[in-house]
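Reading through the structure tokens given below for one structure.
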Amino acid sequence: MNNLICGFLGGHFSQVYVADRHGAEILVFSVQNEELAMKRKWSVPSGLQLVDSFHPTGIALDLLHQKIYVTDKGNHCVFVFSTTGDYLMRFGKLGYFDGDFSYPWGIAVSPDGELVVVADSKNHRIQMFNAAGAFLRRFSVFESNPYEFRNLFDQPRGVCFDRSGKTLFPFKLNLFRLLVISSTGKLNLLY
């Protein structure tokens, strides 16, 4: 397993969900007495039409609605599963219009499960969706951002919410700056 991106789910972190990009599957481990044990694993259903094999690169958990959102950089989409591994839906496709992706990487779900945010890396933007996958808004290098923010949207790799879900933190690998996007869309460079 290489390049693992983890998420946690359950009371007192009783389960660990892992997006295994090279193994092309989601792995679920149980945590007991500080030890991990493989519980189950799954991939996308075989009947789905895919552009490429499954390449999960990011994983986010909606604890409230028991859903798992997985970005797939090879198929340029987001897959949604139940926490038991049942396929629910997918959204997005290769492209550059609102709602399209080019190598989506990081993903986050707001604490209330109402917002899904994706680091759309090769489109140089962060995109925001509702829980059903409908596009809401974007933050892009091509927008009228102040110049100092442009590097932060140049191939973003990750994103996370604060506990309230009102502040978003996008990040890029090897760029040691912290950008904050408030719930009103205001950008601030903290560090």
Task: Residue selected from the stretch 111-126 under the condition touching a Leu at 6+ places or on another chain (Cβ under 8 Å) and not in a loop (DSSP other than H, G, I, E, B), by the criterion surrounded by the fewest Cβ atoms within 10 Å (Cβ to Cβ) - done: LEU115
Open item on the list: Just the residues that are of a type in the set (Asp, Glu) and over 21 Å from PRO111 (Cα atoms), please, taken from the stretch 41-63.
Closed with: ASP52
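Can you name every residue in the stretch 127-137 that is surrounded by fewer than 18 Cβ atoms within 10 Å (Cβ to Cβ) and of a type outside the set (Gly, Ala, Ser)? Can you show your working first?
Step one: of the stretch 127-137, the residues surrounded by fewer than 18 Cβ atoms within 10 Å (Cβ to Cβ) are 130, 132-137.
Listed by number, the residues that qualify are ASN130, PHE135, LEU136, ARG137.
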Task: Enumeration of residues in the stretch 88-110 that are among the hydrophobic types (A, V, I, L, M, F, W, C), surrounded by fewer than 19 Cβ atoms within 10 Å (Cβ to Cβ) and touching a Ser or Thr at 6+ places or on another chain (Cβ under 7 Å) - done: LEU88, LEU94
Open item on the list: Looking at the stretch 56-73 only, could you name the residues that are buried (at least 18 other Cβ atoms within 10 Å of the Cβ) and not aliphatic (A, V, I, L, M)?
Closed with: PRO56, THR57, GLY58, ASP62, LYS67, TYR69, THR71, ASP72, LYS73
Open item on the list: When the residues of the stretch 74-87 are narrowed to those that are touching a residue at least 40 places away in the same chain (Cβ under 8 Å) and within 11 Å of the chain's Cα centre (by Cα), which ends up surrounded by the most Cβ atoms within 10 Å (Cβ to Cβ)?
Closed with: VAL78
TODO: Can you give me the ranges of the strands (runs of 3 or more DSSP E) entirely in the stretch 4-77 with at least 2 residues that are modelled with pLDDT of 85 or more?
DONE: 15-20, 25-32, 35-42, 56-62, 67-72
Open item on the list: Contact list please: Cβ distance under 8 Å, first residue in the stretch 1-28 and under 19 Å from VAL78 (Cβ atoms) and of a type in the set (Ser, Thr, Tyr), second residue at pLDDT below 75 and in a strand (DSSP E or B), pairs at least six apart or on different chains.
Closed with: TYR17/CYS6; TYR17/GLY7; TYR17/PHE8; TYR17/LEU9
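The values are calculated or read from the model by the stated rules, or taken from the named source; none is laboratory data. Nothing here was measured: the structure is a model prediction, and the numbers come from that model. Quick reminder, even Gly has a Cβ in these numbers, built from the backbone with ideal geometry, and neighbours come from all protein chains shown.
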